[in-house]
1. Looking at segment B:202-216, which of its residues are of a type in the set (Lys, Arg) and without any contact (Cβ under 8 Å) to a residue 60 or more places away in the chain?
2. For segment B:1-23, give me the residue count where each residue is among the aromatic types (Phe, Trp, Tyr) and either more than 22 Å from B:Pro80 (Cα to Cα) or open to solvent by 20 Å² or more (accessible area, probe 1.4 Å) (or both).
3. C:Arg251: closer than 23 Å to C:Ala166 by Cα, at pLDDT below 95 and not polar (S, T, N, Q), yes or no?
4. Of all residues in segment D:84-96, which are surrounded by 24 or more Cβ atoms within 10 Å (Cβ to Cβ) and within 14 Å of chain A (Cβ to nearest Cβ)?
5. Please determine whether any residue of segment D:7-22 is on the phi < 0 side of the Ramachandran plot, within 14 Å of chain A (Cβ to nearest Cβ), among the acidic types (Asp, Glu) and touching a Leu at 6+ places or on another chain (Cβ under 9 Å).
6. With respect to A:Leu30, determine if the residue is more than 12 Å from chain D (Cβ to nearest Cβ), open to solvent by less than 20 Å² (accessible area, probe 1.4 Å) and not β-branched (Val, Ile, Thr).
7. Can you find a residue that is more than 10 Å from chain D (Cβ to nearest Cβ), touching a Ser or Thr at 6+ places or on another chain (Cβ under 9 Å) and open to solvent by 10 Å² or more (accessible area, probe 1.4 Å) anywhere in segment A:52-66?
8. Kindly evaluate A:Ile46 against the criterion of being more than 9 Å from every other protein chain (Cβ to nearest Cβ) and at pLDDT 95 or above.
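The values are calculated or read from the model by the stated rules, or taken from the named source; none is laboratory data. From a predicted model like this one, the values you see are computed outputs, not experimental measurements. Ideal geometry is used to build each Cβ from the backbone, glycine not excepted, and the neighbour counts take in all protein chains shown. Heavy atoms of the whole protein, side chains included, go into the accessibility calculation; ligands, DNA and RNA do not. Shrake-Rupley method; radii C 1.70, N 1.55, O 1.52, S 1.80 Å.
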Number of protein chains: 4
Amino acid sequence: MCRWMAWHGQPVLLDELLFKTQHGLVDQSLHSRMGAETTNGDGFGIGWYGIGEGPGVYHSVLPAWGDANLRHLAAHIAAPLFLSHVRATSGTAIQETNCHPFAHGRWLFVHNGLIDEFPVLRRELMLGVEPKLFADIQGSTDFEVLFHLALTFGLEEDPVRALECAVGHVEDAGRRHGVEFPFQGSIGVSDGETLWAVRYSSEGRSRSLFISGDAQALRALHPGNPRIQRLRDDDRLILSEPLADLPGFWREIPEATAVTVRRGGVLEQQPFVPRLAAEPAFAS
Amino acid sequence: MCRWMAWHGQPVLLDELLFKTQHGLVDQSLHSRMGAETTNGDGFGIGWYGIGEGPGVYHSVLPAWGDANLRHLAAHIAAPLFLSHVRATSGTAIQETNCHPFAHGRWLFVHNGLIDEFPVLRRELMLGVEPKLFADIQGSTDFEVLFHLALTFGLEEDPVRALECAVGHVEDAGRRHGVEFPFQGSIGVSDGETLWAVRYSSEGRSRSLFISGDAQALRALHPGNPRIQRLRDDDRLILSEPLADLPGFWREIPEATAVTVRRGGVLEQQPFVPRLAAEPAFAS
Amino acid sequence: MCRWMAWHGQPVLLDELLFKTQHGLVDQSLHSRMGAETTNGDGFGIGWYGIGEGPGVYHSVLPAWGDANLRHLAAHIAAPLFLSHVRATSGTAIQETNCHPFAHGRWLFVHNGLIDEFPVLRRELMLGVEPKLFADIQGSTDFEVLFHLALTFGLEEDPVRALECAVGHVEDAGRRHGVEFPFQGSIGVSDGETLWAVRYSSEGRSRSLFISGDAQALRALHPGNPRIQRLRDDDRLILSEPLADLPGFWREIPEATAVTVRRGGVLEQQPFVPRLAAEPAFAS
Amino acid sequence: MCRWMAWHGQPVLLDELLFKTQHGLVDQSLHSRMGAETTNGDGFGIGWYGIGEGPGVYHSVLPAWGDANLRHLAAHIAAPLFLSHVRATSGTAIQETNCHPFAHGRWLFVHNGLIDEFPVLRRELMLGVEPKLFADIQGSTDFEVLFHLALTFGLEEDPVRALECAVGHVEDAGRRHGVEFPFQGSIGVSDGETLWAVRYSSEGRSRSLFISGDAQALRALHPGNPRIQRLRDDDRLILSEPLADLPGFWREIPEATAVTVRRGGVLEQQPFVPRLAAEPAFAS
């Protein structure tokens, strides 16, 4: 049900983390170890903040492991902040508009998980999206709708609170339709300056999510490893499954938690508590 | 802004009409003579009633002139009734779920034209779709929504009336949003038994649409033309632009007109009068 | 390294064997049990003898499990003889011209395996192809070259002998270039009347290949299973991995063996002995 | 029969020249004015020298006008030297390996035109390619073979001479096979430092090719045009058709001419004289 990875730190070529590592995201597209499925071959996407205005994105319906363009692009695009995603569809069409990251202005959004019984809930959830954002929904996935709900609830002002309202809205709608555990997933969001990540599920059994730890300690432990020596203290990785060639570097993000990574690698962590927005959603 | 063609008659290999004719639909994808654009290269689709349950469909995002699979499939699929479509997008994504024909149960639907200011109207029009059909909308085009509005208004019981209600609903919504001419287009619909076609635009200047005429007279005129001699009296073609190798065979379908082709080539024609359904649409 | 399946018997809708069975070929694209890789997601193809002249083919670069068109086509195309193939590339490009079945006139060809060190041998092997066939090679795979070598050595007159000469040519070229085990694989070939299958590898450890057995006995064993009761005595399946819902129906084709299935389910089996053609290959 | 464009000068975002200009290359994909065809919709490619080692490339089988990724990439990739190409196939497959620019090490290669009767000549021309380069030919086009012939004849040491030998080799082979005018086209080549362009045809009626002129004079003529004021003296554009929004800036490259653009905008021009290499080609 998808895997994703986000980098916030020194500028790197994307292929450093997508291809030139052990069990990087492209390997996870073919051999996921912790995901709901082994294979995440239903398209992929990358989004990065580099040259040009706002984020660049590249989406493809091919499996990440087999897309010749991805190898070329990843070797020739560098960024201090980027998100990437490999997809395993739970039924919606395999098309570029269903590939993450979704973009809106300066914002990028990736997700791993699902809204349970989405076909039942889709209409009500789409009605909750601010009308002037409605026409921006180009695909058919649950998480493009969630992204636009979060935008509706103020993602650009207070991302964690907006995500809490969006997930709260989904849980509320789900429960009214008899869905026991409406939300499952991990989310990554960025505006190009800051990176936010959320791990949450209605059931309390969320998809795996990890964050990189203390680069200084890791460098001290592996003085002879040039790859590890290149890591700086303010480099941060958040990902569905740890890279295998940086052992001892990962800690699991707890259940029901939001993490914020600011420039300089500054880390904040807070409980993630879905809630109903004070203002009613648009279609109520 | 798209071109389409429908066949109702003796079983034929699809390539007889797509490739082995002068100015067939595939040629129109590259060199349209009467369309709003010369090039209709933003994907295409075919839908047919042959072997198997319900209609078969094949969609591709490639231009029809360049898709190797289309040549093979058209040479190996035969049907007594089929619709085909080449697309020129007015802005929505080039993806298979935006390619016509759209299918629902036994029904196929193609369209050439547009709903003006669709981004402004999209939310209201989607709310007019019966909730249990809402999740079936997989793409982002105006005409997939129109098709589901027609289904909402009873397409499966009374197709012409349902289309009148759907177009009436679009015009009503459009005018409330200040859109002068909300609807423009020609529509083809079939359930596998009967073929319906509509030519209508709010402005009264509709896209071109033609129907084939009297095969008996044509055969008498061209006794030495084997292609024409193969035409039977009950063969009927409806298409955006006439085939060039069957001269004298075409008549233009008038403005604001619905045509019905039944088995045996029986033809009915009636005025097409958009109207508001007695029952309010779902989101009113 | 690919999986394939061939059917020779009563006309069936393709999806009966691709989708509506346990561990059919589409399932093998995602969860192969006996292949060199679990995932065969680098494109696929079907080729069938039905309506129209010669075989129809459909190729796609998407994984078979995710191609919406395949579901539609398989449910609406029927044939008494068809081949299908799911691909796991060993490095050559993921493109339709590299997808099996390859077609030439009435002939279809599928393969699972590889020519070892093909980049080293490619030039010499292509020079062995009859010059007038050279320009027909549209892709970059080892097995499109093998197919054209077999055509060069008389596939259309004596298929098994031509394949023996083609494989013998590959082994000879390979050994001259220091390749220990040049050929590995299973091959399926048909002209629309007869189906030939070969299992062979230079090393004597060939990819798995199975053929269906005695339908009469199977029906007697499972009187209450309607799926099995539909099988006729002259239905024959050859495939890389057995279907799970027809237990007791399969026998492994032995190493270095060619099997011929004629109309009526008549089965012949003979040793497969690679040899050098009496006539030198073209580039010698 | 294709259109292309090359930029050598100050670093620019690719979309400045692909989209944000009048009659840029993407517009030429849909509305070519000087090409053999109006539509160049059979795929496209870009190649650039920016971040990372060697050139980056991106190829797509979609028309350039409709590829969503191209818009994003062009707005987020900058380079002081890049080539781009839109394709109209003369019959070879529409696949990424047939899209220009072709890449080899630091080298990029684009072409507009054709080798006449290529199916007849293909085998002999491929045999002329240095054997160790043979396996690098991944597609089926005439110009990937020409590129590898040029590499065989020393493109990396003396590009113009190597192209003269490659074209001479094609003309020689063609004439031996009774082809009156074997070569037609314009070629762009770069190693990331220097840009070479050739306009030549056996018939002496070559495809159009233009080079930008004196930026200083143009700026003086249009003091109020900010787009023109941004042009520097060392900026050079070579392209199949002039951009419409820089009038008076273009001069046609003469027949049978090679142009060299070095850093600083330094321009050299010389006759292009196809010749037979002193060394026989490999397959002679």
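1. Across segment B:202-216, the qualifying residue is only B:Arg205.
2. 1
3. The answer is no for C:Arg251.
4. Correct list: D:Gln95 only.
5. So far as segment D:7-22 goes, yes, one or more of its residues are on the phi < 0 side of the Ramachandran plot, within 14 Å of chain A (Cβ to nearest Cβ), among the acidic types (Asp, Glu) and touching a Leu at 6+ places or on another chain (Cβ under 9 Å).
6. no
7. Among the residues of segment A:52-66, at least one is more than 10 Å from chain D (Cβ to nearest Cβ), touching a Ser or Thr at 6+ places or on another chain (Cβ under 9 Å) and open to solvent by 10 Å² or more (accessible area, probe 1.4 Å), which makes the answer yes.
8. Values: more than 9 Å from every other protein chain (Cβ to nearest Cβ): yes; at pLDDT 95 or above: yes.
So A:Ile46 passes the test.
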